[in-house]
Amino acid sequence: MSETPDLSYEEARDQLVAVVRELESGNVPLSRSMELWSRGEALAAVCQRWLDGARETIRRAQGPAPAAGSPEQPE
């Protein structure tokens, strides 16, 4: 199995979908299932890093949250 660090979100997601399909087929020997599970975990982590980065970018673009009790923030 190849490494995952340079995959885009879409590439990692598509590969993860393929892994899940193969696992769900039920026609996979245990050793292959373990390989697929490991690969799926790595691909899920890549997707999560992309999503976390996007969430952080949005948070920064929105600017600081108003302080509690300020006119912009209802109590």
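The values are calculated or read from the model by the stated rules, or taken from the named source; none is laboratory data. Note that this is a predicted model, so its numbers are computed, not measured. Counting neighbours? That spans all protein chains shown, and the Cβs are built from the backbone with ideal geometry, glycine included.
Yes or no, residue by residue, for (1) at pLDDT 95 or above; (2) acidic (D, E):
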| site | (1), (2) |
| --- | --- |
| A12 | yes, no |
| G26 | no, no |
| S33 | yes, no |
| E41 | yes, yes |
| R60 | no, no |
| G63 | no, no |
| E75 | no, yes |
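Of all residue pairs spaced 6 or more apart or on separate chains, those with beta-carbon atoms under 9 Å, a first member in region 19-48 that is more than 16 Å from S8 (Cβ to Cβ) and a second member that is aromatic (F, W, Y) and surrounded by 11 or more Cβ atoms within 10 Å (Cβ to Cβ) are V19/W37; L23/W37.
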